[in-house]
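Worksheet: one structure, shown below.
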Amino acid sequence: MKKKNLFIFSLSVVSSLTLGAFYSSALDPFTNLIQKVESQLESNKQLQNKVLVEIGDTKVTNVELANLKANKLVEANPVIDESTLLKEIVVDKLFLELADDEGVTATFEDGKKEAERMRALLATQSKEVQDTQKNFIELRGLTEEEYWNEYAPSEYQEQLTLQNLGQLLIKQGKIGADKDSNTNLGQDLIKFKEQLLTDALSKGDVKIVDNSITF
């Protein structure tokens, strides 16, 4: 889980950079927010592991949910509803399984190249931005080389896999039938995910272990 937590931090920074939304004046409060998230993640280590949902042999636990909830705090309008977040975890895992079935899973080498590209992008930013990124890595007790060469590639591999599947679904006409509307594309993707989850639940591919959970 350390890898996933750290990657979410880094991805948030890189995404902001590519959108031109990161300014030096915003770095201090953002860094403070990250420290708050780190504190919550540390606190989550005291939680007793409890399985909430099973997806085949994969188990989703309360700790994974709590960590995602903490990581969401770095977003502008964080989603903190646990049911929504748990559904997000489950659907992402179903998407990765579907990508594998469709043969569009990105390779580790793809993820490594993407990590190299993002690292190069960060190198063009201000010293303040670069220092903030380094702080994220140091907070987890990793060197930059460990992060960029061992941790980030597999996570970028996952992100690229999800992108590949999205492109395939568009090509297959399962989403984005109206090619002139990004809004329709987003709505179609939401509907597709909802149906994917519904089908998995009905087939028993997704089993809710904790009876207090409703999707």
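The values are calculated or read from the model by the stated rules, or taken from the named source; none is laboratory data. Here the structure is a predicted model, which is why all the values come from computation and not from measurement. Cβ placement follows ideal geometry from the backbone for every residue including glycine, while neighbour counts extend to all protein chains displayed. Remember, those area values only see protein heavy atoms, side chains included, never the ligands or the DNA or RNA. Shrake-Rupley method; radii C 1.70, N 1.55, O 1.52, S 1.80 Å.
Below, the figures for the structure above:
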quantity: Given (1) open to solvent by 60 Å² or more (accessible area, probe 1.4 Å); (2) modelled with pLDDT of 90 or more; (3) not hydrophobic (A, V, I, L, M, F, W, C), number of the condition residue 92 does not satisfy; calculated: (1)
quantity: Test for residue 49: is it modelled with pLDDT of 90 or more and open to solvent by less than 60 Å² (accessible area, probe 1.4 Å); calculated: no
quantity: Residue match in the range 23-41 (condition: surrounded by fewer than 17 Cβ atoms within 10 Å (Cβ to Cβ), closer than 30 Å to residue 202 by Cα and not aliphatic (A, V, I, L, M)); calculated: no
quantity: Residues (open to solvent by 30 Å² or more (accessible area, probe 1.4 Å) and among the aliphatic types (A, V, I, L, M)) located in the range 124-159; calculated: 139
quantity: Residue 28 being modelled with pLDDT under 90 and either in contact with a helix residue (DSSP H, G or I) (Cβ under 7 Å, 6 or more places away or on another chain) or outside any loop (DSSP other than H, G, I, E, B) (or both); calculated: yes
quantity: Hits in the range 119-130 - residues which are in contact (Cβ under 8 Å) with a residue 40 or more places away in the chain and over 20 Å from residue 158 (Cβ atoms); calculated: 125, 126, 128, 129
quantity: Entirely in the range 65-166, the helices (runs of 4 or more DSSP H) that have 1 or more residues that are hydroxyl-bearing (Ser, Thr, Tyr); calculated: 82-102, 127-139
quantity: Condition broken by residue 76, with the remaining ones in (1) closer than 26 Å to residue 212 by Cα; (2) of a type in the set (Gly, Ala, Ser); (3) under 18 Å from the mean Cα position of the chain (by Cα) satisfied; calculated: (1)
quantity: Extreme residue, modelled with the highest pLDDT, among residues of the range 176-215 that are farther than 28 Å from residue 52 by Cβ and not in a helix (DSSP H, G or I); calculated: 176
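Yes or no, residue by residue, for (1) more than 25 Å from residue 102 (Cβ to Cβ); (2) out of contact with any Leu (no Cβ under 7 Å at 6 or more places or on another chain):
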residue	(1), (2)
119	yes, yes
127	yes, yes
135	yes, yes
141	yes, yes
151	yes, no
159	no, yes
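Conditions (1) of a type in the set (D, E, K, R); (2) within 19 Å of residue 147 (Cβ to Cβ); (3) without any contact (Cβ under 8 Å) to a residue 12 or more places away in the chain; (4) surrounded by fewer than 17 Cβ atoms within 10 Å (Cβ to Cβ), marked per residue:
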{"residue": "67", "(1), (2), (3), (4)": "no, yes, no, no"}
{"residue": "78", "(1), (2), (3), (4)": "no, no, yes, yes"}
{"residue": "85", "(1), (2), (3), (4)": "no, no, no, no"}
{"residue": "108", "(1), (2), (3), (4)": "no, yes, no, yes"}
{"residue": "117", "(1), (2), (3), (4)": "yes, yes, yes, yes"}
